[in-house]
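What follows is one structure encoded as structure tokens, with my remarks underneath.
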Amino acid sequence: MKEEKLTINVPYLERKAENFNTETCIVEKAVPVSNYRFRQMRSCPMQDFKEISDNLDCMYTQDGEHHCLLIYDKEEGDGLIIDSSGYSYARYAQYIPQAKLIWEQFAKTHAHEMRLCCPLEIYLHVDDYPRECCIADNADMAKYADVINIGIRENDLPEEQERGLMHWYHPEGDGDELENKIYSAHCSVEVIEGELTGVITAKVVGELSDEAMAKFIRYCSGQLSDGWGESLEQKYLKTNSGEVNVSFWNDGDDWQLLPEREYLDSLMQSEDIGMGGIS
């Protein structure tokens, strides 16, 4: 059997190199492309490419450092780091072996957390009773947060372990902001203002535009109502109060998935209305 060995793609090997000088390149944005597209860009670096022209504001030189665009082959992993300096071709560039792996490792360790929150519906399993008559009080269920989170993790499929809901996301083209910036989105329950609440914790590289945030909320809402959420809702989770089904979604007018700060503000407004604070 022939031994499999590590293969590394490099532009060329220096002959009798006197030194190996480097330049500081700061990745302002990473763009995954198909293998076919990457081979086009690799073979014709002096040609104009839309991936470069669409991201001119990401590439410039400041204080001796290159601020760059990283374009990588999402199938085979190698990439190009580019500072086009205002042009639509790879004016200053270098081939980066295993660029995808480098970027994903960075995303895992340097992404910041963003949280979305939503109300839960928890159903007690009672034989011969209609489900709508068995809705539990979320304040009473707060003591079972740890037990329910264990059930959520057990319900996750193996392929969901790393990226959570984002495993099922289908990008709309190579420049899709959610695909490029949101590394993972995992669901859990947490006690917020005394009640058990649904939480989605996303790991994000950089800041999302308002349009991308709205799109992410729509995507997660769909997963909670139909995909991931429907699967969880069918699971019976054991607590000291009996078996329960947990739903991150309902069709009521008061259900909404919001960034954490907005969700907390909405709870305060509801309390004010309930106390007659708004006339």
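Before moving on, here are some points about what is shown:
- Checking every residue in the stretch 36-56 against the condition of being closer than 29 Å to LYS203 by Cβ, outside the structural domain of ASP251 (by TED's automatic domain parsing), among the polar types (S, T, N, Q) and part of a strand (DSSP E or B) gives zero matches.
- Number of positions in the stretch 88-139 that are under 22 Å from GLY206 (Cβ atoms), of a type outside the set (Gly, Ala, Ser), out of contact with any Gly (no Cβ under 9 Å at 6 or more places or on another chain) and in a helix (DSSP H, G or I): 6
- Any hit, the stretch 134-155, residues being within 17 Å of ILE217 (Cβ to Cβ), in the same structural domain as ASN245 (by TED's automatic domain parsing), crowded, with 16+ Cβ neighbours inside 10 Å and among the hydroxyl-bearing types (Ser, Thr, Tyr): no
- Meets criteria (surrounded by 15 or more Cβ atoms within 10 Å (Cβ to Cβ), among the aliphatic types (A, V, I, L, M) and at pLDDT below 95) for LEU165: no
- For the stretch 57-86, a residue qualifies if it is out of contact with any Ser or Thr (no Cβ under 8 Å at 6 or more places or on another chain) and outside any strand (DSSP E or B), and the qualifying residues are ASP57, CYS58, ASP63, GLU76, GLY77, ASP78, SER84, GLY86.
- So GLU159, is it within 18 Å of GLN234 (Cα to Cα), in a helix (DSSP H, G or I), of a type in the set (Asp, Glu) and in the same structural domain as GLN223 (by TED's automatic domain parsing): no
- Conditions (1) touching a residue at least 24 places away in the same chain (Cβ under 8 Å); (2) in a loop (DSSP other than H, G, I, E, B); number of the one not met by GLY173: (1)
- Flag for GLY222 being surrounded by fewer than 18 Cβ atoms within 10 Å (Cβ to Cβ) and closer than 30 Å to PRO171 by Cβ: yes
- Within the set VAL205, VAL199, VAL191, the sole residue that is β-branched (Val, Ile, Thr) and closer than 27 Å to MET41 by Cβ turns out to be VAL205.
- Counted residues, the stretch 63-122 - those being of a type in the set (Asp, Glu), closer than 17 Å to LYS50 by Cβ and exposed (fewer than 15 other Cβ atoms within 10 Å of the Cβ): 0
- Qualifying residue in the stretch 188-207 (condition: surrounded by fewer than 18 Cβ atoms within 10 Å (Cβ to Cβ), farther than 19 Å from LEU264 by Cβ, touching a residue at least 24 places away in the same chain (Cβ under 8 Å) and touching a helix residue (DSSP H, G or I) at 6+ places or on another chain (Cβ under 6 Å)): yes
- Cβ pairs under 8 Å, 6+ apart, first in the stretch 65-87 and under 13 Å from ASN9 (Cα atoms) and in the same structural domain as MET46 (by TED's automatic domain parsing), second of a type in the set (Asp, Glu) and assigned to a strand (DSSP E or B): GLY79/ASP73
- Scanning the stretch 36-84 for residues that are within 22 Å of the chain's Cα centre (by Cα) and farther than 25 Å from THR22 by Cβ returns LYS74, GLU75.
- Out of ALA107, ALA136, one residue alone is touching a residue at least 60 places away in the same chain (Cβ under 8 Å) and within 18 Å of the chain's Cα centre (by Cα). It is ALA107.
- Only a single criterion out of (1) over 30 Å from CYS134 (Cα atoms); (2) in contact with a Gly (Cβ under 9 Å, 6 or more places away or on another chain) is not satisfied by VAL189, namely (1).
The values are calculated or read from the model by the stated rules, or taken from the named source; none is laboratory data. This is a predicted model, so every value here is computed, not measured. When we count neighbours, we look across all protein chains shown, and the Cβ atoms used for this are built from the backbone with ideal geometry, even at glycine.
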